[in-house]
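The values are calculated or read from the model by the stated rules, or taken from the named source; none is laboratory data. This one's a predicted model, so the numbers in the text were calculated from it and none came from an experiment. Note that each Cβ is placed from the backbone with ideal geometry, even for glycine, and that neighbours are counted across all protein chains shown. The area values use the complete protein model at the heavy-atom level, side chains included, leaving out ligands, DNA and RNA. Shrake-Rupley method; radii C 1.70, N 1.55, O 1.52, S 1.80 Å.
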Amino acid sequence: MATQATKQQMAEAVAAIRANMAAAARAAGRDPAEVLLCAACKTRTVEEVRESAALDIDLFGENHVQELVEKTDAGAYLGKPGHFIGHLQTNKVNKVVGRAAMIESVDSQRLLDKIEAAAARLGVTQDILIEINIGDEESKSGVSPDALWALADAAEAATHLRLRGLMAIPPADAAPDETRAFFAQMRTLLIRLQERHYAAALPDTLSMGMSGDYQAAIREGATIVRIGTAIYGARDYGARG
Ligand SMILES: *Cc1c(COP(=O)(O)O)cnc(C)c1O
């Protein structure tokens, strides 16, 4: 069984990540304050997440609806925002809309319609990102870059959604220079999205980069990096699923 990271281990890890994030931002001529640290806390316990929330983490990312519900109900984020970053099944949308500050992983018209309907029912505006399958992988969710524009137009037409930008997970087996090229393609897509002059909100968010590649992502324009292992240690899927 994987052991939980101690408070001290998490504090040292977050400090090191923050230093790396700032260095990567400065190397790209960017202000380090532009880049948010999302702790990807799937499989982590409420206590572990609560301890980490006292650290210099900006927001939390959940992949599973049940964990989002459990941790928000327990106040585990200490008032910091929670984002939904996993594949969202349409039958679970009602539990996420209004609870997640942002749904980063919108990847179909059907899901978008369900989120709009749920947000309308609650009378809230839901921030979303569109997930791009940037490596064109069969096993990954996300839309192709070509399919982005129709989905973005639909988000703009919806009255209870605010399209804030894009999210991606490049192929895990890509070489570092390939990964960097995928990140650069994402930045280009975001710029093209901005050029469409949507009225609801300026899409300014680029969520990309994980434990192994967040510095490259920041150099290519990431505004949110989602980091799990480098903060909490290796995951134990056996314990939580
Ligand atoms: C788990 C996860 C991460 C973090 O991955 P690490 O390699 O542990 O940093 C980031 N984004 C998503 C969508 C994830 O599911």
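What to note about this one:
- Pairs, first within 16 Å of the ligand (Cβ to nearest atom) in the stretch 92-113, second open to solvent by 10 Å² or more (accessible area, probe 1.4 Å) and modelled with pLDDT under 95, C-beta under 6 Å, six or more apart: Asp107/Ser141
- Exclusive hit being open to solvent by 30 Å² or more (accessible area, probe 1.4 Å), in contact (Cβ under 8 Å) with a residue 40 or more places away in the chain, under 22 Å from Ala40 (Cα atoms) and within 12 Å of the ligand (Cβ to nearest atom), set Asp213, Asp236: Asp213
- Scanning the stretch 29-41 for residues that are on the phi < 0 side of the Ramachandran plot, open to solvent by 40 Å² or more (accessible area, probe 1.4 Å), outside any helix (DSSP H, G or I) and not charged (D, E, K, R) yields one hit, Leu36.
- Note on the stretch 68-97: among residues that are assigned to a loop (DSSP other than H, G, I, E, B) and either of a type in the set (Lys, Arg) or out of contact with any strand residue (DSSP E or B) (no Cβ under 7 Å at 6 or more places or on another chain) (or both), the one that is surrounded by the most Cβ atoms within 10 Å (Cβ to Cβ) is Ala76.
- Residues that are more than 16 Å from the ligand (Cβ to nearest atom) and free of Cβ contacts under 8 Å to residues at least 12 places away in the same chain within the stretch 48-78 comprise just one, Asp73.
- Qualifying residues in the stretch 57-67 (those that are in contact with a helix residue (DSSP H, G or I) (Cβ under 9 Å, 6 or more places away or on another chain) and open to solvent by less than 40 Å² (accessible area, probe 1.4 Å)) - the one nearest to Thr6 (Cα to Cα): Ile57
- Selection status of Leu206, aliphatic (A, V, I, L, M), surrounded by 14 or more Cβ atoms within 10 Å (Cβ to Cβ), away from the ligand (no atom under 14 Å from the Cβ) and touching a residue at least 24 places away in the same chain (Cβ under 8 Å): no
- Subset of the stretch 98-116 [in a loop (DSSP other than H, G, I, E, B) and of a type in the set (Lys, Arg)]: Arg99
- Of the residues in the stretch 178-196, none is in contact with a Lys or Arg (Cβ under 6 Å, 6 or more places away or on another chain), more than 22 Å from Glu137 (Cβ to Cβ) and not polar (S, T, N, Q).
Let's see how each residue does on (1) under 17 Å from His83 (Cα atoms); (2) modelled with pLDDT under 95; (3) open to solvent by 10 Å² or more (accessible area, probe 1.4 Å):
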{"residue": "Ala120", "(1), (2), (3)": "no, no, yes"}
{"residue": "Gly123", "(1), (2), (3)": "no, no, yes"}
{"residue": "Asn133", "(1), (2), (3)": "no, no, yes"}
{"residue": "Glu138", "(1), (2), (3)": "no, yes, yes"}
{"residue": "Pro145", "(1), (2), (3)": "no, no, yes"}
{"residue": "Ala155", "(1), (2), (3)": "no, no, no"}
{"residue": "Ile169", "(1), (2), (3)": "yes, no, yes"}
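- Ala54 being within 17 Å of Gln4 (Cα to Cα), among the aliphatic types (A, V, I, L, M) and open to solvent by 50 Å² or more (accessible area, probe 1.4 Å): yes
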